[in-house]
Amino acid sequence: MNKILAVANVVIKELYRRKDFYVLFILTVLITGLAGSLRFFDDERIARFLKEVCLSLIWLSALVVAVTTTARQIPAERESRTIFPLLAKPISRTQVLLGKFAGCWLASGIALLVLYVFFAIVSASKEHAFPAVNYVQALWMHWQMLGIVIAMTLLGSIVLTTPAANVTIMFVVTTGILFVGPYLNKVAAKMTEPSGSILSALYFAIPHLEFFDFRNRIVHGWPPVDWKYVGAATAYGWAYLAIFLLAACVAFRRKALN
Amino acid sequence: MRKQILFAAFLFVACFSLAVTMELWRGGMTKDAARSDSTLAMIFGEGRTLIANSFIAKADAYFHRGNYPSIFESQRVEENHMAEAADDDDSHPEEADHHDHSEHEHDAEHCTDPTHSHGDHDHEGGHSDANGSDWIERFGKHFRANKHVHLEAGEEREMLPWLRLSAEVDRSSIESYTVAAYWLRRLGKPEEAEQFIRSGLRSNPQNPDLLNELAWLQFESRKDFVRARNLWHAALRRWVESEGMKEKPDTTVVSKILRGLIELEMKEERWDVVLKYLEQLKVFSPNPESVQKRIDTVREKMNEGR
C-alpha cells in the first residue's frame with residue numbers, strides 16, 4: 001500500500017507543478033466572470049444561467065485535467081525510460097499502475113474540490129444560499145465519474161499507441177456516453193436486427209456516466225438525492241472502475257516496455 | 001527593359017484585380033453584417049436558426065426546472081409549455097377557445113404549488129412510461145429532475161437569458177421575442193418587454209405576432225386601449241397581407257389578435273364589435289362550437305341591453 005501511495009504522491013505533485021490545472025481554473029474563473037457580468041433585462045437576480053455556465057466549465061475542466069493527466073502517465077514513463085529504474089525497485093507493475101490510478105484520481109479530486117469551492121462562492125454570491133448537502137453529493141458523484149474515466153484512460157494508455165489518440169478517444173467516448181448513452185435503448189428499439197440487439201447490448205455494457213451528473217439538480221435547486229441511491233451509484237461506479245483497472249493491470253503485465 | 005515593363009504591367013494588373021476582388025469581398029461582408037447585425041448571428045451563420053431553437057428549448061427546460069425530454073425522446077405531451085402558457089394567457093378567462101390542451105391544462109397560471117407534481121405525468125425518461133423500461137432507466141430516475149413542475153413566483157426570470165440569446169442569434173426568431181415579452185410583462189417589467197418587442201420589430205418590421213404582443217402590452221400593462229386597438233388593427237392588416245392569400249394560412253396569430261380585440265371591446269362594452277370579431281374568430285378557431293357559445297352569450301347580453 002505504501003508503494004502505491006508513494007507513486008500516487010508523485011502524480012499529485014506533478015499536478016500542481018504543471019500549469020494545466022491553473023490555466024483551466026483561470027479560464028473557468030474568467031469565463032464565469034464574463035457570464036456573470038452579463039445583464040439580462042436589468043435583472044440581477046437571474047442566477048441559474050451563471051450556475052449552468054460555471055458548472056459546465058467545471059465539468060469540462062475536470063474532464064480535461066483527468067484525461068490529460070492520466071493519458072501521459074505510462075507513455076511518459078516509457079518514453080523517458082524512467083519506468084525501468086522504477087520497476088527495478090521492489091514494486092510490481094500492478095502496484096505502479098494502481099499508484100498511477102490513485103494519484104490521478106486524488107489529483108482530480110483536489111482539482112474538483114477547488115473548482116466546486118469556486119462554484120459554491122459564485123452561487124452563494126448570486127442566490128445567497130448554500131445547499132451544502134447538494135454540493136457534497138454533486139462533488140462526490142462527479143469524482144466517482146472521474147474515477148471511471150481515469151481507469152478507462154489508464155487502460156487506453158496501455159492499449160493504444162499514442163497519448164494523443166488515447167486522449168481523443170477518451171473525450172469522444174466520455175462525451176458520447178454522457179450525451180447519447182442514456183438513450184441507446186430507445187434508438188435500439190427503433191432499429192432492425194441485428195444492429196438493434198448490438199446497440200442494446202452496448203447500452204447495458206457501457207458505464208452510465210449520466211448517473212453521476214448532478215448539474216441539473218444543482219442548477220435548478222432540486223433537493224438532495226437519497227443517500228442510499230448515491231451509495232448504490234458509487235458501488236456501480238466502483239464496479240466499472242475495478243473492471244477497467246483489472247483489464248489495465250492484465251494488459252500492463254503483458255506489455256513489453258522497450 | 002521590355003521584360004521589366006511587362007513585369008511592372010503584370011504587377012499593376014495583379015494589384016488591380018486583387019483590389020477589385022477585395023472590394024467585392026468586403027462589400028459582401030458588409031452586406032452580410034447589415035443583414036444579420038449581430039456578432040452571434042455572424043458567428044453562427046446559417047446554423048443560427050437551429051441554435052436559436054435549441055436556446056428556446058433550453059428556456060423551456062428551465063421553465064420545467066430542468067426536467068425536459070432530449071432529442072432522442074418523444075415530445076408528444078410537452079411541446080412548449082413556456083410558449084403555450086404565454087398563448088393561454090392571451091385568451092380571455094371565459095374564452096373556451098383554447099388550443100387543444102386537454103392533456104396539459106396546467107400552465108404557469110394554474111400551477112400555484114411549487115412542489116406541484118402531476119402524478120403519473122412525470123417526465124421521467126423523457127415522457128416515457130412512468131417507471132422506465134429497464135433497470136438502468138429506473139435507477140437513473142433517482143438522479144434526474146423527474147417531477148413535472150413549472151417555475152413560478154418570479155422564478156420565471158431564470159429562463160429569460162436563453163430567450164435573449166436566442167433572439168441575439170436569430171433575429172427572425174419571433175417566438176423568442178413574444179415569449180420573453182410575455183414573461184417580462186408577467187414579471188412586472190413592461191418597459192423591458194416593450195424595448196425587446198421593439199428590437200424585434202426593427203429586425204422584423206410589421207410582424208403581426210410582434211404587433212399583437214405589443215398590443216397586449218399596451219392593453220394589459222399600460223391600459224392604453226386606444227393604442228392597443230390600433231396595434232391590433234395593424235397586426236390584423238399585416239396578417240391579411242402576409243397570410244391572407246395563402247392556401248393554408250397560419251391561423252394561430254390571427255386567433256391571438258382576434259382574442260385580444262374581443263377582450264378589448266368587451267372591456268369597452270361594444271358588443272356589436274365583439275360579435276363581429278367572434279364571428280371572425282369562429283372561422284379560424286379549432287373549436288368553433290365554443291366560440292358559437294360565446295356568440296350566443298353576447299347576443300343574449302345585447303338583447304338584455306335592449
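The values are calculated or read from the model by the stated rules, or taken from the named source; none is laboratory data. Since the model is a prediction, treat every value here as computed from it, not as a measurement. Neighbour counts are summed over all protein chains in view; Cβ atoms, including those assigned to glycine, are modelled from backbone coordinates with ideal geometry.
Here are a few things to note about the model shown:
- In segment B:60-75, the residues that are more than 16 Å from A:Pro182 (Cβ to Cβ), facing chain A (nearest Cβ under 10 Å) and part of a helix (DSSP H, G or I): B:Tyr62
- Residues (more than 22 Å from the chain's Cα centre (by Cα) and facing another protein chain (nearest Cβ under 8 Å)) located in segment B:142-164: B:His142, B:Phe143, B:Arg144, B:Ala145
- Checking A:Val96, A:Val53 one by one, the residue that is over 30 Å from A:Leu30 (Cβ atoms), among the β-branched types (Val, Ile, Thr) and either at pLDDT 95 or above or out of contact with any Phe, Trp or Tyr (no Cβ under 7 Å at 6 or more places or on another chain) (or both) is A:Val96 and no other.
- Filtering segment A:1-45 to residues that are among the hydroxyl-bearing types (Ser, Thr, Tyr) and more than 25 Å from B:Ser166 (Cα to Cα) leaves A:Tyr16, A:Tyr22.
- Single unsatisfied condition, A:Val122 versus (1) among the aliphatic types (A, V, I, L, M); (2) within 14 Å of another protein chain (Cβ to nearest Cβ); (3) closer than 30 Å to B:Arg157 by Cβ: (2)
- Residue in segment B:165-173 that is modelled with pLDDT of 80 or more and more than 20 Å from the chain's Cα centre (by Cα) present: no
Here's the yes/no breakdown for (1) out of contact with any helix residue (DSSP H, G or I) (no Cβ under 6 Å at 6 or more places or on another chain); (2) under 18 Å from A:Met170 (Cα atoms); (3) aromatic (Phe, Trp, Tyr):
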| residue | (1), (2), (3) |
| --- | --- |
| A:Phe41 | no, no, yes |
| A:Glu44 | yes, no, no |
| A:Glu52 | no, no, no |
| A:Ser61 | no, yes, no |
| A:Glu77 | no, no, no |
| A:Arg81 | yes, no, no |
| A:Phe84 | yes, no, yes |
| A:Arg93 | no, no, no |
| A:Gly103 | no, no, no |
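- For segment B:173-186, the criterion of being surrounded by 22 or more Cβ atoms within 10 Å (Cβ to Cβ) and of a type in the set (Asp, Glu) is met by none of the residues.
- For A:Pro90: the one exception among (1) outside any helix (DSSP H, G or I); (2) within 14 Å of chain B (Cβ to nearest Cβ): (2)
- A:Gly33 meets the conditions (1) under 30 Å from B:Glu191 (Cα atoms); (2) crowded, with 21+ Cβ neighbours inside 10 Å in every case but one. The failed one is (2).
- A:Ala120 vs. criteria among the aliphatic types (A, V, I, L, M) and either modelled with pLDDT of 95 or more or part of a helix (DSSP H, G or I) (or both): yes
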